[in-house]
Amino acid sequence: MDWEGARQLGGQVYRSGPPSDAVREQLIAAGVTGVEVPDEGPDGPAYYGEALRRSPGPITSVFARIADAEAGDVLVFGDRTSMIAAMLQTLAGTPVADILDDYELELRAADETAPEPLNEGALNLYCADACLAMVAFLGSTDVAGYLTASGLTFEQLDRLREKLTG
């Protein structure tokens with residue numbers, strides 16, 4: 001699907017990093033709404049807690065925009081997509097094991113398109129380390145508490161949960 005198709009379906013895009021000029025122009029031309037939340041820090045679940053501490057307002061704004069979005073699909077992509085997705089899944093009540101399964105699928109899919117994919121043994125180790133870090137992040141983060149302490153209203157939190165589970 002292209003950007004125009006996303007817009008026609010009511011799509012709204014929330015990117016957690018700055019898009020290239022070409023992508024930005026495509027989004028604007030298609031009338032797709034969105035917000036950018038750049039984060040230039042280290043990536044990966046071992047650093048997600050640091051990202052939350054460093055950027056509470058910008059990160060929370062992604063959740064606020066999703067909560068306040070009109071009906072339709074919402075696309076979140078860019079830096080910290082896995083963090084945002086895991087936090088959304090947590091709010092929806094998704095079991096951690098299922099979040100980890102999704103995360104590992106994402107890691108393996110990304111490796112398939114990498115310029116130099118890892119060999120199977122290295123990929124297995126990478127996935128295991130990343131999943132352990134994700135477990136630590138999820139186990140140490142009260143997602144709802146973090147978001148409301150960072151400015152998300154309880155009404156927005158309720159709407160967000162309804163969108164995720166409704």
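Keeping to the range 127-160, report how many residues are loosely packed, with under 13 Cβ neighbours inside 10 Å and either in contact with a Gly (Cβ under 8 Å, 6 or more places away or on another chain) or under 16 Å from residue 85 (Cβ atoms) (or both).
Going through the range 127-160 one residue at a time, the tally reaches 1.
Given the options 129, 102, name the one that is more than 16 Å from the chain's Cα centre (by Cα) and either part of a helix (DSSP H, G or I) or not aromatic (Phe, Trp, Tyr) (or both).
After ruling out the rest, the residue left standing is 129.
Got at least one residue in the range 125-146 being small (Gly, Ala, Ser) and farther than 28 Å from residue 58 by Cβ?
Looking through the range 125-146, at least one residue is small (Gly, Ala, Ser) and farther than 28 Å from residue 58 by Cβ.
Name the helices (runs of 4 or more DSSP H) wholly within the range 19-89 that hold at least 1 residues that are at pLDDT 85 or above?
48-54, 56-68
Could you please find all residues in the range 109-124 being surrounded by 11 or more Cβ atoms within 10 Å (Cβ to Cβ) and closer than 20 Å to residue 45 by Cβ?
Scanning the range 109-124 gives 110, 111, 118, 122, 123, 124.
So the check is Cβ under 9 Å with 6+ separation or different chains; which pairs have a first residue in the range 46-59 that's at negative phi and of a type in the set (Val, Ile, Thr) and a second one that's surrounded by 15 or more Cβ atoms within 10 Å (Cβ to Cβ) and assigned to a helix (DSSP H, G or I)?
59/51; 59/52; 59/83; 59/84; 59/87; 59/146; 59/147
So residue 103 clears everything in (1) within 17 Å of residue 46 (Cα to Cα); (2) loosely packed, with under 11 Cβ neighbours inside 10 Å; (3) among the aromatic types (Phe, Trp, Tyr) except one condition, right? Which one?
Unmet condition: (2).
The values are calculated or read from the model by the stated rules, or taken from the named source; none is laboratory data. Here the structure is a predicted model, which is why all the values come from computation and not from measurement. Counting neighbours? That spans all protein chains shown, and the Cβs are built from the backbone with ideal geometry, glycine included.
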